Amino acid sequence: MAQDDPKPAPLLPGAVDLRNRDETRVLSPLDQMALRANLDVERQDKFAAPDKLIVVALYARYSSGKQKQQSIDRQISIVTAYMLSLGYAIYVLYADPARSARTTKNRESLQRLLADCRAGKIVIIMVEDFDRWSRETYDAVELCEELMGLGVEFHSAGDRKVLSKKEVIEAALKAEADRDR
């Protein structure tokens, strides 16, 4: 390995390295629409070579048995496009299919993600939209404070940014109100 080569990040089990992706990958029309709506970025279905080798936690979830794996796949497409736009190369998927965001207790992958953050294995979490993370204000704020205390960044691909504590509170209030409708 040359001296100028970046040191590879230690990979967690299940890590996906986007540097090994097919450069000619074509997004489905649905993914293209979601990317345009969520990311507001013109694309050529190709991305610049990622160079940040920090392992990103990609959290995805859908709430009911009526939804399908395509919901998780769509979330992965949107978040990885956002990741690549920031230059990140590696992610680990934490997915909770058919799990409500009303509580954090019954979501095994979320609990595993939080344990990995506490162990210092994860310093960046990305979600498609905040409501994939939580629809309960108290839990969201409590987790936000803990993660910020650990130095973990929390990104919303839909908002294209790292969320501050204030933005987490606002997003949690909106998600909780949407849930109650």
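Let me confirm something: among Leu143, Leu110, which residue is assigned to a helix (DSSP H, G or I), open to solvent by less than 80 Å² (accessible area, probe 1.4 Å) and in contact with a strand residue (DSSP E or B) (Cβ under 7 Å, 6 or more places away or on another chain)? Steps first, answer last, please.
Working: Leu143 fails: in contact with a strand residue (DSSP E or B) (Cβ under 7 Å, 6 or more places away or on another chain).
Exactly one of Leu143, Leu110 is assigned to a helix (DSSP H, G or I), open to solvent by less than 80 Å² (accessible area, probe 1.4 Å) and in contact with a strand residue (DSSP E or B) (Cβ under 7 Å, 6 or more places away or on another chain), namely Leu110.
Condition check ((1) under 16 Å from the mean Cα position of the chain (by Cα); (2) in a helix (DSSP H, G or I); (3) modelled with pLDDT of 85 or more; (4) among the polar types (S, T, N, Q)) across all residues:
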residue	(1), (2), (3), (4)
Tyr91	yes, no, yes, no
Ala98	no, no, no, no
Asp116	yes, yes, yes, no
Ile125	yes, no, yes, no
Ala171	yes, yes, yes, no
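Condition first: buried (at least 21 other Cβ atoms within 10 Å of the Cβ) and part of a helix (DSSP H, G or I). Can you find one or more residues in region 153-167 that meet it?
So far as region 153-167 goes, no, none of its residues is buried (at least 21 other Cβ atoms within 10 Å of the Cβ) and part of a helix (DSSP H, G or I).
Evaluate the following for Gly120: is it assigned to a loop (DSSP other than H, G, I, E, B), open to solvent by 10 Å² or more (accessible area, probe 1.4 Å) and farther than 26 Å from Arg179 by Cα? Explain how you work it out, then say what you get.
Details: assigned to a loop (DSSP other than H, G, I, E, B): yes; open to solvent by 10 Å² or more (accessible area, probe 1.4 Å): yes; farther than 26 Å from Arg179 by Cα: yes.
So Gly120 passes the test.
Which one of these does Leu58 not meet: (1) in contact with a helix residue (DSSP H, G or I) (Cβ under 6 Å, 6 or more places away or on another chain); (2) at pLDDT below 85; (3) open to solvent by less than 30 Å² (accessible area, probe 1.4 Å)?
The one condition Leu58 does not meet is (2).
The values are calculated or read from the model by the stated rules, or taken from the named source; none is laboratory data. Note that the structure is a prediction, hence the values are computed from the model and not measured. Cβ coordinates were reconstructed from backbone atoms using ideal geometry, including for glycine residues, and neighbour counts include every protein chain displayed. These accessible areas exclude ligands, DNA and RNA; they are computed on the full protein's heavy atoms, side chains included. Shrake-Rupley method; radii C 1.70, N 1.55, O 1.52, S 1.80 Å.
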